[in-house]
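What follows is a short report on a single structure.
Every number here is computed from the coordinates shown, using simple stated rules; none is lab data. Just so you know, these numbers come straight off a predicted model, no measurement behind them. All Cβ positions, even for glycine, are placed from backbone atoms using ideal geometry, and neighbour counts span all protein chains on display.
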C-alpha cells in the first residue's frame with residue numbers, strides 16, 4: 001500500500017464572514033493566490049459536516065508555487081455567521097494556535113506594507129520585530145568576507161490572517177516554498193504549518209501513524225526558546241522554552257508541519273481554532289485512501305467518530321479532531 005499522505009499540508013483554511021468576500025480575494029490576489037474553485041453548503045449540510053450550522057461559501061485559491069508539490073493552497077470559508085472571532089492577534093505559543101509560513105525574497109517590502117496596514121487596523125494587528133536567526137550556533141562573526149548566513153523572519157497576525165514571512169540569507173533550500181518573483185512581494189505558496197500542543201504533552205506519533213509522516217531533515221525534536229531572536233519573534237516569557245519537531249510527508253520537501261509544546265502552562269484557545277472560526281482555523285491534507293484513514297482513526301479514542309461526507313467542493317472528505325485537540329480536514 002502506498003503512503004496515505006503523499007504530500008504535505010494541502011490547504012490553509014481561513015474563515016470569515018461572507019460580506020468580506022471581495023476584499024479577502026483582493027488581499028490574497030496580491031500574494032499571488034487566485035480563485036480556482038467555488039463551492040457551498042447549506043446551513044443544515046454545514047452543521048452535519050463541520051458542526052457549525054450556517055450557510056457556507058468556500059473558495060479554493062492557488063499560488064503558482066502550489067504546483068510544485070500540490071501543497072500550500074488557501075481555502076476561504078465564508079460563513080453567513082461565524083462561530084467565533086478566531087485566534088486573531090493571540091500569541092503564537094498558545095494551545096490551539098496556528099500560523100501559515102511563507103517564503104519571500106523581499107521581507108523589508110512586506111514589513112513596510114504590513115506596517116502601513118497596521119496603522120489602519122490598530123490593535124487588530126500585531127507584527128513582530130524583524131529577527132535574524134543564524135544557521136550556525138554559536139553565531140559566527142559577520143564580516144565583509146563572511147556575510148550573514150541564516151533566516152530573517154517577521155510574524156504578522158491580524159483579524160484576518162496569521163502569517164510568518166521568512167527570507168533566506170546566503171543559502172537556498174529547493175522545494176521548500178517555491179517563490180514567484182513576478183509578484184509584488186516575491187513570495188511563495190504556504191510552505192509550512194504550525195500547531196501548539198498542550199503544555200508538556202509533546203507527541204507527534206499520531207501524525208506519523210495516521211498520515212505516514214516522518215521527521216524532516218534538520219527537524220529532529222529538540223528544546224528551543226533560549227535564543228533571543230526566538231523569544232522576540234514568538235513573544236515568549238523570559239523563562240519560557242518549548243519542545244518542537246518538524247515533520248513532513250515522506251520525501252516531500254514542502255507543506256511541513258511544525259509541532260510545538262511549551263514547558264510552561266499556556267492558555268487553551270482550541271475552541272477558536274476550528275471550522276466556523278474566523279481567521280486561520282484548519283489545515284487540510286490530500287489522502288490516497290479515505291477508508292484506510294478512517295480505519296486508522298478508529299484505533300484512537302477521538303472526541304467524536306469521524307464520518308466521510310462530501311464537503312463544499314463535493315469532494316469526499318473527513319473532518320475530525322485529533323487527540324491533541326486540533327481539528328483537521330482530510331480530502332480524497
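Remark: the residue 81-residue 224 segment gains 47.6 nm on full extension, using 0.36 nm per residue and subtracting the alpha carbon distance. Footprinting exposure proxy ranking of 244, 307, fewest other C-beta atoms within 10 angstrom first, gives 307, 244. Per residue, the average separation of C-alpha pairs within less than 8 Å and at least 6 apart gives the chain a relative contact order of 25 percent. Taking the C-alpha atoms only, the angle from helix 107-121 to the longest principal axis of the chain is near 60 degrees. In the chain, the DSSP-assigned H stretches of four residues or longer account for a calculated mean residue ellipticity at 222 nm of -4500 deg cm²/dmol, using -39500 (n - 2.57) per stretch and the full residue count as denominator.
Quantify how much of the Cα-Cα distance distribution of the chain extends past 29 Å, in percent.
34
Between residue 18 and residue 108, the modelled label-to-label distance comes to 4.5 nm, taking each label 7 Å out from Cα in the direction of the beta carbon.
Return 266, 231 ranked ascending by Cβ neighbour count within 10 Å, so the fewest neighbours appear first.
Going from sparsest to densest Cβ surroundings: 231, 266.
Sort the following peptides by mean Cβ neighbour count (other Cβ atoms within 10 Å, averaged over residues), highest first: 8-15, 173-180.
The peptides rank, most packed first, as 8-15, 173-180.
Between residue 40 and residue 171, what is the label-to-label distance in nm when each label sits 7 Å out along the Cα-to-Cβ direction? For the pair residue 40/residue 171, the computed spacing is 4.9 nm.
Taking 0.36 nm per residue of sequence separation and removing the Cα-Cα distance, the residue 288/residue 332 pair yields an extension gain of 15.2 nm. Between 0 and 90 degrees, rounded to the nearest ten: what's the tilt of helix 21-30 against the longest Cα principal axis of the chain? Long axis of 21-30 versus the principal axis of the chain: about 40 degrees. For 263, 222, 243, the sequence from fewest to most other C-beta atoms within 10 Å is 222, 263, 243. Each of the peptides 192-199, 131-138, 64-71 was scored by the mean count of other Cβ atoms within 10 Å over its residues; in descending order, highest first, they stand as 192-199, 64-71, 131-138.
A straight chain from residue 321 to residue 232 at 0.36 nm per residue would run longer than the Cα-Cα distance by 28.9 nm.
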